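The values are calculated or read from the model by the stated rules, or taken from the named source; none is laboratory data. Not measured: the values here are computed from a predicted model. Because the Cβ atoms are built from the backbone with ideal geometry, glycine has one as well, and the counts that use them run over all protein chains shown.
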Amino acid sequence: MTLTKQNQIYMIKYLTLMLCIANCSLNCLELDIYQAIFDAECENLTIPEEHDYRISTLNKYGYMFTKFDPTVDRFLKLIENNLKQTFFEVGGAYGNVAEKALEKGIEKYYLNDCEERHLKSFARKLYKEGKTHLFPALHLIPGRCPDEVSMPSNSFDAILVNKVLHFFSPQTIDAFVEWLNDLLKPGGKVFVLTISPFYKGHEELLKDYQKQKEEGARFPGYCSRYETSHSGEQYPSEARPASLLFMEIDTLKDLFVQHGFQIEEEFKLAIINSDNSEWRAGNDMVGIIAHKP
């Protein structure tokens, strides 16, 4: 019997899937890297071009920044000094931080994103660049955290949550931060950077923010209609989220302290763009490094 080209593709995909099922590791949601590459080839998934240090995501969750901020630098430095430890990144998009960590020689790196196409695009990129030697250390974890991602307690030495926290709501953020605490080993660290209400170009939202703050709202920076706001409309529709949660540094610190973390370091940064090519002190974004006692 002679198989058509289309049937050959289906057969290869089926056999690859069976191998994936037979070799799944940490949890049932983990993607097999070669299956991810195969899917990316079939779907012709590629990483979009960079513009002003940003690469648009495929699911309307903003951008991946191509130049690392200080929280990422600290995270990578910790990896460099602890290559045998286990690290997890939430919302890593196209994997630029993961790639740098893998090139440093990390032995176990778990990369998550809620958009599976991002992870597949990253796997294809590594494959096409001849970096398959990095695959044994890389684990691709698709799904929205924490609801769709199951991980054992006390699994990780450090977790990176970079430009992700602002996509949560006041109703979901506590469960997420508590989940982070549960995943970390005692002494484990979390590295966080998120959007401030003083983010450049969002001045129209400040009036409502100040009003909510004066009224004692725990998260006065939540904008449930960001997608249709004047501030949101300055961004392309394909990268514009439906809602955003802006936080000042004190709100961010209080949130993590309430869930058992101890703050080690804090950051207030100006956003990078065509007018500002380096991360520096400013009011656009806030971040922390904290540990689980």
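Screening GLU148 with (1) surrounded by fewer than 18 Cβ atoms within 10 Å (Cβ to Cβ); (2) in contact (Cβ under 8 Å) with a residue 60 or more places away in the chain; (3) outside any helix (DSSP H, G or I); (4) in contact with a helix residue (DSSP H, G or I) (Cβ under 9 Å, 6 or more places away or on another chain) gives one miss only, at (4). Evaluate the following for LYS67: is it without any contact (Cβ under 8 Å) to a residue 40 or more places away in the chain and assigned to a loop (DSSP other than H, G, I, E, B)? Judged against the criteria, LYS67 is not a match. Among the candidates LEU83, LEU76, the residue that is part of a helix (DSSP H, G or I), modelled with pLDDT of 95 or more and of a type in the set (A, V, I, L, M) is uniquely LEU76.
Among the residues of region 190-208, count how many are surrounded by fewer than 21 Cβ atoms within 10 Å (Cβ to Cβ) and of a type outside the set (A, V, I, L, M, F, W, C). Please lay out each step first, then the result.
Initial filter on region 190-208 (surrounded by fewer than 21 Cβ atoms within 10 Å (Cβ to Cβ)): 198, 200-201, 203-204, 206-208.
Narrowing the set further to residues that are of a type outside the set (A, V, I, L, M, F, W, C) leaves 200-201, 203-204, 207-208.
Residues meeting the conditions: 6.
Would you confirm whether or not region 201-224 contains a residue that is under 23 Å from the mean Cα position of the chain (by Cα), part of a helix (DSSP H, G or I) and either more than 13 Å from ALA290 (Cβ to Cβ) or modelled with pLDDT of 95 or more (or both)? Scanning region 201-224, I find no residue that is under 23 Å from the mean Cα position of the chain (by Cα), part of a helix (DSSP H, G or I) and either more than 13 Å from ALA290 (Cβ to Cβ) or modelled with pLDDT of 95 or more (or both), so the answer is no. Scanning region 86-120 for residues that are surrounded by fewer than 18 Cβ atoms within 10 Å (Cβ to Cβ) and assigned to a loop (DSSP other than H, G, I, E, B) returns GLY105, GLU107.
Residues of region 29-53 that are part of a strand (DSSP E or B) and touching a residue at least 24 places away in the same chain (Cβ under 8 Å): LEU31 alone. Just one residue in the set ALA123, ALA158, ALA175 is touching a residue at least 40 places away in the same chain (Cβ under 8 Å), small (Gly, Ala, Ser) and in a helix (DSSP H, G or I); that residue is ALA123.
Condition test on ASN59, is it surrounded by 14 or more Cβ atoms within 10 Å (Cβ to Cβ), touching a His at 6+ places or on another chain (Cβ under 9 Å) and of a type in the set (S, T, N, Q)?
Values: surrounded by 14 or more Cβ atoms within 10 Å (Cβ to Cβ): yes; touching a His at 6+ places or on another chain (Cβ under 9 Å): yes; of a type in the set (S, T, N, Q): yes.
Yes; evaluated as a whole, the condition is true for this residue.
Please work out if GLU238 is in contact (Cβ under 8 Å) with a residue 60 or more places away in the chain and either outside any helix (DSSP H, G or I) or surrounded by 15 or more Cβ atoms within 10 Å (Cβ to Cβ) (or both). It is false that GLU238 is in contact (Cβ under 8 Å) with a residue 60 or more places away in the chain and either outside any helix (DSSP H, G or I) or surrounded by 15 or more Cβ atoms within 10 Å (Cβ to Cβ) (or both).
Scanning region 241-274 for residues that are hydrophobic (A, V, I, L, M, F, W, C) and not in a strand (DSSP E or B) turns up ALA242, PHE246, MET247, ILE249, LEU252, LEU255, PHE256, VAL257, PHE261, ILE271, ILE272. The set of residues in region 262-288 being farther than 15 Å from PRO197 by Cβ and not hydrophobic (A, V, I, L, M, F, W, C) consists of GLN262, GLU264, GLU265, GLU266, ASN273, SER274, ASP275, ASN276, SER277, GLU278, ARG280.
With respect to (1) in contact with a strand residue (DSSP E or B) (Cβ under 8 Å, 6 or more places away or on another chain); (2) at pLDDT 95 or above, the lone exception for TYR63 is condition (2).
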